[in-house]
Amino acid sequence: MKNLLSLDLSIIFILIFMYIFLRILINTKHNNTFIVKELFLVGFVISVLMVLTLNTSSSFGKVLLFVPLSFFSFYCFEGSTKDTLLTCFLLAVIIQVALSVIFGTVFSISNIALNMIGGLIGVFMSNSLIEKINLRFC
């Protein structure tokens, strides 16, 4: 039942991210930079919620989990790769510590590394989108 709930939540998050991404593209086409900034902020908050609620055991899922977080936070931190990756790292460490304390699992450095790989992918995707559509930071 828990896996089914996780699948339902992941589908909902994917649909929300697709909607936010399309709204960003539409508003950048019409030069609505204020709305674009707000959409990136909403995407950042929703991606933090996604990271905190979804539980995945596959390596691919652990990488994929942090891609939206870094994608949206890169723009929210005005193109600062260091701040974006620091946010991903701190959230990954907090999650590992919480899992160790609450469920008694072993602290896993490999999970943090996989999450950071997802963070790097999100930064590269966000940077290429910003350069491609010539989006400037507000």
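The values are calculated or read from the model by the stated rules, or taken from the named source; none is laboratory data. Because the structure is predicted, anything quoted here is derived from the model rather than measured. Please note: Cβ atoms are built from the backbone with ideal geometry, for glycine as well, and neighbour counts cover all protein chains shown. Surface areas here come from the heavy atoms of the whole protein model, side chains and all, with no ligands, DNA or RNA. Shrake-Rupley method; radii C 1.70, N 1.55, O 1.52, S 1.80 Å.
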_Kirkwood Rh, angstrom, segment 29-129 [1 / mean 1/r, Cα pairs]_ = 13.9 Å
*asked:* Using a 1.4 Å probe on the protein heavy atoms, what percent of the accessible area of the chain belongs to carbon and sulfur?
replied: 72 percent
*Please work out, to two decimal places, the log10 of the ratio I(q)/I(0) at q = 0.14 Å⁻¹ from a Debye calculation in which every Cα of segment 81-138 carries one identical scatterer.*
-0.48
*Over segment 5-121, what is the mean sequence separation of C-alpha contacts under 8 Å (at least six apart), divided by residue count, expressed as relative contact order in percent?*
26 percent
_Among the complete DSSP H segments of the chain, which ones combine at least 27 Å of alpha-carbon extent along their axis with a mean Kyte-Doolittle hydropathy of 1.0 or more?_
2-29, 33-53, 81-103, 109-132
*Mean accessible surface per residue for the chain, computed with a 1.4 Å probe while every protein chain stays in place, in Å²*: 60 Å²
*Using 7 Å Cα-to-Cβ label points, what is the residue 22/residue 98 separation (nm, one decimal)?*
3.1 nm
_Lysine-lysine proximity count for the chain, Cα under 29 Å, sequence distance 8 or more or distinct chains_ = 10
*Can you check how the C-alpha radius of gyration of segment 1-88 compares to 2.2 N^0.38 Å, as a plain ratio?*
1.15
_residue 31/residue 121 FRET efficiency (R0 25 Å; Cβ-Cβ; nearest 0.05)_ = 0.30
